[in-house]
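> Dropping a structure here in structure tokens format, bear with me for questions.
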Amino acid sequence: MFTAETLQKFDREVAKYPADQKQSAVMACLALAQEEKGWLPAEAIEAVAHYLGMPPMAAMEVATFYNMYDLKPVGKYKLTVCTNLPCALSGGYHAAEYLKQKLGIEMGETTPDGRFTLREGECMGACGDAPVMLVNNRSMCSFMLPEQIDKLLEELK
Amino acid sequence: MAILGAINPVLMAGLDGDNSWQLKDYVARGGYEMLKKILAENIPQEQVIAEVKASVLRGRGGAGFPTGLKWSFMPRSFPGDKYVVCNTDEGEPGTFKDRDLIRYNPHAVIEGMAIAAYAMGATRGYNYIHGEVWEMYKRFEAALDEARAAGFIGQNILGSGFSFELFAHHGYGAYICGEETALLESIEGKKGQPRFKPPFPASFGLYGKPTTINNTETFASIPFILKMGGESFLNLGKPNNGGTKLFSVSGHVNRPGNYEIPMGTPFSELLQMCGGMRGGRKLKAVIPGGSSSPVLPGDVMMDCTMDYDSISKAGSMLGSGAVIVMDESTCMVKSLERLSFFYYEESCGQCTPCREGTNWLYKVVHRIENGLGRPDDLDLLSSVTTNIMGRTICALGDAASMPVQSFIKHFRDEFAHHIEHKTCLVPKDVQWAGSGFHKVAS
Ligand SMILES: Cc1cc2nc3c(=O)[nH]c(=O)nc-3n(C[C@H](O)[C@H](O)[C@H](O)COP(=O)(O)O)c2cc1C
Ligand code: SF4
Ligand code: FES
């Protein structure tokens, strides 16, 4: 199910917790599984559960509880824009509108070419850098005014 | 730049942005000296805790509970592991100081946690880091590797016989995990749903073991407090409000960012440090302590000083130190609508008053904002909040209610106008003009 590299990363996470508490690594392992697969199909969640010796249902509960897991396929680049109030005051809301217009999709949708998925996010703890967006859960982009958004979309081929 | 402005900085003193986070830089600033001294001189645990008490350091995560007192709740003789856990799940809208702390001064957090572990006899620790700041999580892990290699954490630290294993745990998008018991559930690999208290974490915490949870800034303050002495730290601020504090200023100011200033600094001075109001517009309102704290009208805020007591006297809370500044272009109904959506979205759903109540709050504010408000909606909102408050497992219920109550209390006219005239008091072309987005577009 997973590459040797991913499994190695699983082990590194498991090692952070007491030997009888492997389940503690489930969040990290699900995130790594998602990184490898692009999203989290049920089989991947089950495989993670199996790896950690926990009931698949318990892993499924975790995968559905936390917002950053994708239980459905997403585009090559998932763009999450923070629109919470502190960001909105400095353009977060406008940045979201601008992206919708540019990509021709609504929040939660994926462009027909499968390149971009757009998400509305909650506070990312970066409100001083508003407008902010997160690319594929990993890379935070700050001060995303129109020019910067245009540039980013160009770069993400 | 690590920090945009400061008066007598402690936590952020001597930093040079991304160039000075490493172990060698921290050591050059005098870092890890306190840990070394405590271990070398075998300073009694009680003495460390007494010094923290003397500083009157109050938890920087939002509730402001005295840290030294919290530490003294940990059972002394407990067979087996005890834990210290750092809360870097910074998700309270408006707060972005802990991100900068683990980015620019991660070793201060590590040293603070190691000293805390020593003082409470803990052997293992975790730092729970907010999901969206992956890059900072990697930064903190890199700092942990450095500290481990140098022998500041791990087994038999500096040959003292004291051992402390410390790891980072990465969150994945759930505001509620900032609540300390939800955070523990989350580390245990479960849904982040808060536990009933009591028992408190000091007796039944992570994996059922005694656990102390503190905010990132709280831990980061520890080495500096011990170095300068508790009383000197206290005297940087004012009585009962010790030390300096990081304030995350967002919204309609010219230079949003983190500012480290002594407790008790006038708000007007902080506003000045931020370059004043964007576009010279008029200050309308301030949420002084993160989105969960009651909003205050601008003129009330201008008379406050930045400390627990002054802000609480004015009717709000210092909370996490997240100062959200709003100018006259802000529609208060739309602002509250967005906050109410947030709490509705992030309620973990365990308690009926919170699950149903936050849904109602959002629905009603949403319809007022969209011109469908009814004459008795403001009374309805107020009764929903009283039905939530004090009837839930965790404080998210109160956190969702306080913005609603305070927005209506101070800006009732705007809500009434929306309901009666189905439009906003702030003209459409003025609304959000302060955001600065489109100005740059043209
Ligand atoms: C809904 C909710 C969210 C919270 N989020 C955070 C947070 O992001 N960071 C934090 O340090 N404390 C947060 N807290 C407070 C913690 O429960 C806890 O009081 C704090 O981490 C204790 O540390 P301190 O005493 O050093 O402040 C939150 C509380 C609630 C009820
Ligand atoms: S108050 Fe809300 S968030 Fe807290 S435990 Fe109850 S339902 Fe969950
Ligand atoms: S509100 Fe957008 S990052 Fe905090």
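> Compare A:Leu89, A:Leu30, A:Leu99 in a GNM of chain A, Cα atoms joined below 10 Å, and give the one with the largest fluctuation.
Taking springs between Cα atoms under 10 Å, the residue moving most is A:Leu89.
> Give me the percent of DSSP beta bridges within chain A that run antiparallel, rounded to the nearest 5.
Numbers: 7 of 13 bridges.
The antiparallel fraction comes to roughly 55 percent.
> Could you order B:Trp21, A:Trp39 so the one with the most accessible surface comes first? Probe is 1.4 Å. Present the calculation step by step, with values, prior to reporting the outcome.
Numbers: B:Trp21 35, A:Trp39 75 Å².
Ranked list, largest accessible area first: A:Trp39, B:Trp21.
> For region B:354-442, which whole percent of the accessible surface, found with a 1.4 angstrom probe, sits on carbon and sulfur atoms? Intermediate results must be reported in sequence, preceding the final value.
On the way: 2440 of 4510 Å².
Within region B:354-442, the accessible surface is 54 percent carbon and sulfur.
> What figure in square angstrom, to the nearest 10, would you give for the accessible area of B:Leu15 with a 1.4 Å probe?
30
> Express in nm, to one decimal, how much length is gained between A:Ala58 and A:Lys37 on full extension, taking 0.36 nm for each residue of separation and deducting their alpha carbon distance.
Details: separation 21, 0.36 × 21 = 7.56 nm, distance 2.04 nm.
This chain segment gains 5.5 nm when fully extended.
> With every protein chain left in place, what is the accessible area per residue of chain A in square angstrom, probe 1.4 Å?
Details: 6550 Å² over 157 residues.
It amounts to 42 Å² per residue over chain A.
> Under a plain spin-label model, where a point goes 7 Å from the Cα along Cα-to-Cβ, how far apart in nm are A:Asp11 and A:Lys151?
Taking the simple label geometry, A:Asp11 and A:Lys151 are separated by 4.2 nm.
> Same structure again: Checking an interface number: how much accessible area is buried between B and A, summed over both chains, with a 1.4 Å probe, in Å² rounded to 100?
On the way: alone 17760 and 8980 Å², together 22050 Å².
Counting both chains, the buried surface is close to 4700 Å².
> Grab the DSSP H runs of chain A that are 4 residues or longer, score each as -39,500 (n - 2.57), total them, divide by all residues and round the 222 nm result to the nearest 500 deg cm²/dmol.
Details: 7 runs with 70 residues, N = 157.
-13000 deg cm²/dmol, from helical runs alone.
> Residue by residue through region B:116-130, what is 3J(HN,Hα) from phi via Karplus (6.51 cos²θ - 1.76 cosθ + 1.60, θ = phi - 60°)? Round to whole Hz and write x for glycine and proline.
4, 4, 4, 5, 10, x, 8, 10, 9, x, 9, 10, 8, 10, 3
> Can I ask one more? Tell me the label-point distance for the pair B:Ala28, A:Ala4, using the 7 Å Cα-to-Cβ offset, in nm and rounded to one decimal.
Each label point lies 7 Å from its Cα, and together they span 4.1 nm.
> For B:Gly5, enumerate residues with amide H under 5 Å from its amide H, sequence gap 5+ or separate chain, H modeled in the peptide plane.
Amide H to amide H, under 5 Å and 5 or more residues apart or across chains, B:Gly5 pairs with B:Glu260.
> Leaving ligands, DNA and RNA out of it, report the carbon-plus-sulfur percent of the accessible area of region B:7-55 at a 1.4 Å probe.
Ligands and nucleic acids excluded, carbon and sulfur reach 48 percent.
> Using only alpha carbons, build the gyration tensor for region A:74-157 and give me the equivalent ellipsoid semi-axes, biggest first, whole Å. Could the numbers behind the result be given before it?
On the way: eigenvalues 71, 29, 29 Å².
In descending order, the three semi-axes are 19, 12, 12 Å.
> If you wrap a convex hull around the alpha carbons of chain B, what volume per residue comes out, as a whole number of Å³?
Numbers: hull volume 58.4 nm³, N = 442.
Value for chain B: 132 Å³ per residue.
> Of A:Lys76/A:Lys151; A:Lys16/A:Lys37; B:Lys97/B:Lys284; A:Lys9/B:Lys197; B:Lys53/B:Lys227, which ones are farther than 26 Å apart at the Cα? Intermediate results must be reported in sequence, preceding the final value.
On the way: A:Lys76/A:Lys151 17 Å; A:Lys16/A:Lys37 24 Å; B:Lys97/B:Lys284 24 Å; A:Lys9/B:Lys197 36 Å; B:Lys53/B:Lys227 14 Å.
Violating the 26 Å limit, Cα to Cα: A:Lys9/B:Lys197.
> If I build a Gaussian network model for chain B, linking alpha-carbon pairs within less than 10 angstrom, which residue out of B:Ala395, B:Ala168, B:Ala40 has the largest mean-square fluctuation?
Comparing B:Ala395, B:Ala168, B:Ala40 in the GNM, the peak value goes to B:Ala40.
> Follow-up. Per residue, how much accessible area does chain B have with a 1.4 Å probe, in Å²?
Working: 15500 Å² over 442 residues.
That works out to 35 Å² per residue.
> First measure r as the distance between the Cβ atoms of B:His421 and B:Thr386, then evaluate 1/(1 + (r/R0)^6) with R0 = 22 Å and state the FRET efficiency to the nearest 0.05. Let's see the in-between values first.
Details: r = 28 Å, r/R0 = 1.26.
Once the sixth-power term is evaluated, E becomes 0.20.
> Looking at the protein assembly as shown from every direction and averaging, what is the projected area of its Cα convex hull in nm²? All intermediate terms of the calculation are to be shown ahead of the outcome.
Numbers: hull surface 102.2 nm².
Averaged projected area of the protein assembly as shown's Cα convex hull equals 25.5 nm².
> A further question on this structure: As a test question: what accessible area, to the nearest 10 Å², does B:Glu180 have when a 1.4 Å probe is rolled over all protein chains in place?
My reading of the accessible area for B:Glu180 is about 50 Å².
> A further question follows. Quote to one decimal, in nm, the extra length available between A:Lys76 and A:Ser139 on full extension: 0.36 nm per residue of separation minus the C-alpha distance between them. Provide the component values of the computation, followed by the final result.
Details: separation 63, 0.36 × 63 = 22.68 nm, distance 1.38 nm.
21.3 nm is the gain from fully extending A:Lys76 to A:Ser139.
> Pull up all non-local amide H partners of B:Asn215: gap of 5 or more, or a different chain, and H-to-H distance under 5 Å with H placed in the peptide plane.
Here the answer is B:Arg60, B:Gly61, B:Asn87, since their amide H atoms fall under 5 Å of that of B:Asn215.
> Moving to a separate point now. Could you work out [θ]222 nm for chain B from helices alone, using -39500 (n - 2.57) per DSSP H run of at least four and dividing by all its residues? Round to the nearest 500 deg cm²/dmol.
Working: 19 runs with 191 residues, N = 442.
Rounded to the nearest 500, the figure is -12500 deg cm²/dmol.
> Using the Karplus curve 6.51 cos²θ - 1.76 cosθ + 1.60 with θ = phi - 60°, work out ³J(HN,Hα) for each residue of region B:95-104 in order, rounded to whole Hz, and write x for Gly and Pro.
Karplus-based 3J(HN,Hα) across region B:95-104 equals 9, 8, 8, 5, 4, 5, 5, 6, 7, 9 Hz.
> Taking the DSSP beta bridges in the protein assembly as shown as the whole, what percent of them are antiparallel, to the nearest 5?
Working: 25 of 55 bridges.
So the antiparallel bridges amount to about 45 percent of the total.
> 5 Å is the cut-off here: which amide hydrogens, built 1.01 Å from N in the peptide plane, fall below it relative to B:Glu165, excluding neighbours closer than 5 in sequence?
Amide H neighbours of B:Glu165, under 5 Å, 5+ apart: B:Arg124, B:Gly125, B:Gly154.
> Right, something else. Given springs between every Cα pair under 10 Å in a Gaussian network model of chain A, which of A:Ala130, A:Ala15, A:Ala28 has the largest fluctuation?
A:Ala15
> Which of the residues in region B:251-280 lose at least 50 Å² of accessible area when you go from the chain alone to all protein chains together (probe 1.4 Å)?
Residues shielded by partner chains: not a single one.
> Mind checking the mean number of beta-carbon atoms from other chains within 10 Å of the Cβ atoms in A:91-104?
Values: counts 9, 3, 5, 6, 2, 0, 1, 3, 0, 0, 0, 0, 0, 0.
Taking all residues of A:91-104 together, the mean is 2.
> What accessible area, in Å² to the nearest ten, does a 1.4 Å probe give for B:Thr386?
Answer for B:Thr386: close to 80 Å² accessible.
> How large is ³J(HN,Hα), in whole Hz, for each residue of region B:83-94 in order, when computed from phi with the Karplus curve 6.51 cos²θ - 1.76 cosθ + 1.60 and θ = phi - 60°, using x for Gly and Pro?
Rounded to whole hertz, the list is 10, 10, 10, 9, 9, 10, 8, 3, x, 5, x, x.
The values are calculated or read from the model by the stated rules, or taken from the named source; none is laboratory data. For clarity, every value in this text was computed on a predicted model and none was experimentally measured. So basically every Cβ, Gly included, is an ideal-geometry build from the backbone, and we count neighbours across all protein chains shown. Ligands, DNA and RNA are stripped out before the accessible areas are found, and what is left, the full protein with its side chains, is counted by its heavy atoms. Shrake-Rupley method; radii C 1.70, N 1.55, O 1.52, S 1.80 Å.
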